[in-house]
Amino acid sequence: MIVLRGQKARDMLKALKMKASSKFGATGSRCFSGHYHPSKGEASRCDCLTLMQKGGVISGLEINPSIPLWLGRRYKADFRYIETSSGRLIVEDFKGAMTRDWLLVKKAWPNYGVGWLREVHSQGPDRYFTKCEIAGKVEK
């Protein structure tokens, strides 16, 4: 059995006119800023947050920040920014499918996280809602 990784795998898929997809069926996409996101919903959310930053609603937008949690374990969030009205540090994760790792991060956030953890879901094209917000150890 031959295993192809990286650029060779992408070239092979392109030659066979196939698309790569994630384990949960999401199709990767780029936002208007040019960042690659593993799903179209996350790319759309990035566009929304970029416009919010340009409008002054949020500041310091970071894409895919790596956040330390416990004992060397790091969590790669989707977005991190500061709400200008309240000054709160928000760590945001756009969710389509629940995973075991995400449930562990949610459970550990009150004891190890810094800022607020926000779980955002899509409610149709360009409509989002916050399912939950969890305060981290510094925000209590």
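The table below lists the values:
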item: DSSP beta bridge pairing in the range 24-135, given as percent antiparallel to the nearest 5; result: 80 percent
item: Cross-link pairs beyond the 22 Å C-alpha cut-off, checked among K54/K131; K40/K131; K40/K107; K54/K106; K54/K137; K40/K76; result: K54/K131; K40/K107; K54/K106; K54/K137
item: Neighbour-count order for W102, W116, fewest beta carbons within 10 angstrom listed first; result: W102, W116
item: For the range 15-134: rounded, prolate or oblate by the Cα gyration tensor [a/c cutoff 1.5]; result: oblate
item: Size of electric dipole in the range 24-135: Cβ of Lys, Arg +1 and of Asp, Glu -1, about Cα centre, debye, nearest 20; result: 240 debye
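Every number in this text was worked out from the coordinates using simple rules, so none of it is lab data. Not measured: the values here are computed from a predicted model. Quick reminder, even Gly has a Cβ in these numbers, built from the backbone with ideal geometry, and neighbours come from all protein chains shown.
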